[in-house]
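Okay, so here's the structure we're looking at.
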Amino acid sequence: MLDRNENAPQTRRVYRTVAACTFCGLLFVLFALLFLPDKEFSETEKRALAQFPELRFETISNGKAEESIEAYVQDQMPLRNFWVGVCACFGRMTGQNGTDGVYDAADGYLIRTPAEENARNLGSNLRTLTAFAEKANVPAYLMVVPQTGYVLEEKLPKNHAPYTDDVLFDEIAQKTDGVYTTVDLRNVFRDRRDEMQIFYRTDHHWTSDGAFLAANAFLQAAGKPALTRSQFSAEAVEGFFGTTHSRAALWFKKPDVMELWTAKDAALTVEITDLGTGETKTQTDPFFRVHLAEYDRYPVYLDGNHSLTHIVNDAVTDGTLLLVKDSFGNTLATELLAAYHEIWMVDLRYYRTAAVSDLLEKGVDTLLVNYSLDDLVNDQNIIWLK
């Protein structure tokens, strides 16, 4: 009978051979990957990747070259998405929830941590907005989007930082009182959060349902008839991953379903202008469907963020709205267009070479400022509103 010990040396040789081949194979793959061309943009992380820096005596002597090379190596690492995901999962398992600015919450939600407090910047932004509304001399409305974590607090992990929306909303209302009519969405959203999905699970923006609630809250404050669901047809688009998914790097999360709400009886002209380049694009659909073939699909709403967007709906006979907004306004405008003949939409991150007040001469009868709470507190571009 053959003794098992007689097979031991042969078994060990097989194991060593397999291990050596595996190791050499991994080295070969990694070596080959090092010769792949550098990537300029990460679709999953939605950001530009560091490129190899230009080495100069000045940057070498002050240490900036070393920092740039370190960033380059990190961003161009072979199999980067895999390793980023591994690190994110490891951090989550070891209790580091929220370290990348995102909480891994219940029901598949990835929720931004509370906005950083910046009382000085908020005060400056509110003074700028107030001065503009006083100059505009038309009915002015301020609609701030509460944070997802404030509205969906029950979905947050047990240990989380406090959301100070109530304190900030009170301060905003107090400092703009008499100039703006505040459209308060806190209870509007909290009262309906169990009936519908107001925010995306993998993105910080509101869904079309959330934007619809906000649109009607604004129209009610402005004394205009409410919109109805029957005025829109909804098209479902599956497979959407948003900004919180990119930041958290928890790649195993399920995607969201976007809905594109088309106003049934609208007769539209949508003109988008980039003031910096002077380029203009025009179409009759508020949805730029070319973006549905991209990883980042949110720009399907009015082609994303641009200096100036002009929407005309000839099916509506009156009403000209000036909408000053961050990216939340893109979805909002695709629904408000059913209530206004004309919408001028401005994004102050790109509107630099002209005065927004010049648009008031276009027959504007209503001003709406729509920002997320985070952006209203921390945005550095509202100062350009003149």
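The values are calculated or read from the model by the stated rules, or taken from the named source; none is laboratory data. If you're wondering where the values come from, they're calculated on a predicted model, not measured in any experiment. Note that each Cβ is placed from the backbone with ideal geometry, even for glycine, and that neighbours are counted across all protein chains shown.
Conditions tested, residue by residue: (1) in a strand (DSSP E or B); (2) under 21 Å from Glu153 (Cβ atoms).
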{"residue": "Gly210", "(1), (2)": "no, yes"}
{"residue": "Ala226", "(1), (2)": "no, no"}
{"residue": "Ala234", "(1), (2)": "yes, no"}
{"residue": "Val237", "(1), (2)": "yes, no"}
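Just so you know, in segment 137-149 the residues that are touching a residue at least 60 places away in the same chain (Cβ under 8 Å) and crowded, with 22+ Cβ neighbours inside 10 Å include one that is nearest to Asn187 (Cα to Cα), and it is Pro146. Across segment 267-283, the qualifying residues are those that are touching a strand residue (DSSP E or B) at 6+ places or on another chain (Cβ under 7 Å) and assigned to a loop (DSSP other than H, G, I, E, B), and the one among them that is farthest from Trp206 (Cα to Cα) is Leu275. Determine, yes or no, whether Ile383 is part of a helix (DSSP H, G or I), of a type in the set (Val, Ile, Thr) and under 22 Å from Gly276 (Cβ atoms). Judged against the criteria, Ile383 is a match.
Of the numbered criteria (1) at pLDDT 95 or above; (2) part of a helix (DSSP H, G or I); (3) not basic (Lys, Arg), the one Ser246 fails is (1). Residues of segment 220-236 that are polar (S, T, N, Q) and either under 20 Å from Val183 (Cβ atoms) or touching a helix residue (DSSP H, G or I) at 6+ places or on another chain (Cβ under 6 Å) (or both): Gln220, Thr228. Just to be sure, is Asn216 surrounded by 15 or more Cβ atoms within 10 Å (Cβ to Cβ), without any contact (Cβ under 8 Å) to a residue 40 or more places away in the chain and either farther than 28 Å from Ser357 by Cα or over 17 Å from the mean Cα position of the chain (by Cα) (or both)? For Asn216, the condition - surrounded by 15 or more Cβ atoms within 10 Å (Cβ to Cβ), without any contact (Cβ under 8 Å) to a residue 40 or more places away in the chain and either farther than 28 Å from Ser357 by Cα or over 17 Å from the mean Cα position of the chain (by Cα) (or both) - is met. Checking each residue in segment 343-380 for being in contact with an Asp or Glu (Cβ under 9 Å, 6 or more places away or on another chain) and under 17 Å from Ile272 (Cα atoms) picks out Asp347, Leu348, Arg349, Tyr350, Lys362.
Do you know which of the residues in segment 283-334 that are crowded, with 23+ Cβ neighbours inside 10 Å and touching a residue at least 60 places away in the same chain (Cβ under 8 Å) is nearest to Pro255 (Cα to Cα)? Only one residue fits best here, namely Val300. A count restricted to segment 302-325 and to residues that are assigned to a loop (DSSP other than H, G, I, E, B), under 26 Å from the mean Cα position of the chain (by Cα) and not charged (D, E, K, R) stands at 5.
Within segment 333-361, the residues that satisfy the criterion of being assigned to a loop (DSSP other than H, G, I, E, B) and closer than 20 Å to Ala214 by Cβ are Leu337, Ala338, Ala339, Tyr340, Asp347, Leu348. When Thr202, Thr228 are checked against the criterion of being modelled with pLDDT of 95 or more and buried (at least 19 other Cβ atoms within 10 Å of the Cβ), a single residue qualifies: Thr202. If only residues of segment 284-301 that are outside any strand (DSSP E or B) and among the hydrophobic types (A, V, I, L, M, F, W, C) are counted, the one that is modelled with the lowest pLDDT is Ala293.
Of all the listed residues (Val364, Val377), the sole one being closer than 30 Å to Glu259 by Cα, in the same structural domain as Leu302 (by TED's automatic domain parsing) and either outside any loop (DSSP other than H, G, I, E, B) or in contact with a Gly (Cβ under 6 Å, 6 or more places away or on another chain) (or both) is Val377.
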